[in-house]
Amino acid sequence: MDTRSDEDRLDLDVLDAVGGLFARLLVEGEKLAAEFGVPTFVLKALHMIDAPLAMKELGSRMRCDPSFITSIADKLERHGLAARESDPGDRRVKRLVLTPAGVDLKRKMELEMAARMPWRAALSPDERAGLLGLLHKITPPLSATGQPCLAEEVNDILASAAAPPLATTPQAQRSTATAREQSAS
């Protein structure tokens, strides 16, 4: 017998629906990236670059580590979508500038992504505005959050998985200390 309250069941239904929407958005983004022949993070970077942009600022907008932004910049350049240039105000600062191909891909990608969004087909413009208001009531937009880049989280997980396990029992600690002493001599 289900002892959950109606409110709890409703919240679980909302969670299920939001999870389904999130999964659909991920699939659509991955499909779109594959159709355009670039990784999904390149599409996200293109979306964020609206004028010459310091790589540090792109990292801030994408909530990514500078080393990951360098990788993104490399991919953008390799695909002919952006070029690095020195900032005229501070030549130490490198900016990313979209090439004509980058501007074109950004425009096509944004139009195509907007056309694929499930709310576009299912909701009127007024309903979409209402949905946006409700979403903003629940959470700020991604561009306004301080969430770290997912790539950083993946790197942390991989690094911790690759690290040798810590000796947690007294016997294991003694074995580790003995092994260190033997390797030092």
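Out of the range 82-135, which residues are of a type outside the set (K, R), exposed (fewer than 12 other Cβ atoms within 10 Å of the Cβ) and outside any helix (DSSP H, G or I)?
Matches in the range 82-135: S86, P88, G89, D90, S124.
Cβ-Cβ below 6 Å, separation at least six or inter-chain, first residue in the range 42-68 and at negative phi and touching a residue at least 12 places away in the same chain (Cβ under 8 Å), second of a type in the set (D, E) and assigned to a helix (DSSP H, G or I): which pairs?
D65/E152
Scan the range 72-81 residue by residue and report those that are part of a helix (DSSP H, G or I) and within 20 Å of the chain's Cα centre (by Cα).
I72, A73, D74, K75, L76, E77
Taking P125 and the conditions (1) free of Cβ contacts under 8 Å to residues at least 60 places away in the same chain; (2) of a type outside the set (V, I, T); (3) in the same structural domain as G37 (by TED's automatic domain parsing); (4) at negative phi, which numbered condition does it fall short on, given that it satisfies the others?
For P125, the exception is condition (3).
Just to be sure before I move on: is D16 loosely packed, with under 11 Cβ neighbours inside 10 Å and not in a helix (DSSP H, G or I) in the structure I sent?
Here the answer is no, as D16 does not meet what is asked.
Going by the conditions given, is G59 assigned by TED's automatic domain parsing to the domain that holds L21, of a type outside the set (D, E, K, R), outside any helix (DSSP H, G or I) and at pLDDT below 95?
Answer is no for this residue.
Would you confirm whether any residue within the range 15-38 is modelled with pLDDT of 90 or more, of a type in the set (V, I, T) and farther than 24 Å from R107 by Cβ?
yes
The values are calculated or read from the model by the stated rules, or taken from the named source; none is laboratory data. Keep in mind it's a predicted model, so treat the numbers as computed, not measured. Here Cβ is always computed from backbone atoms with ideal geometry, including for glycine, and neighbour counts include all displayed protein chains.
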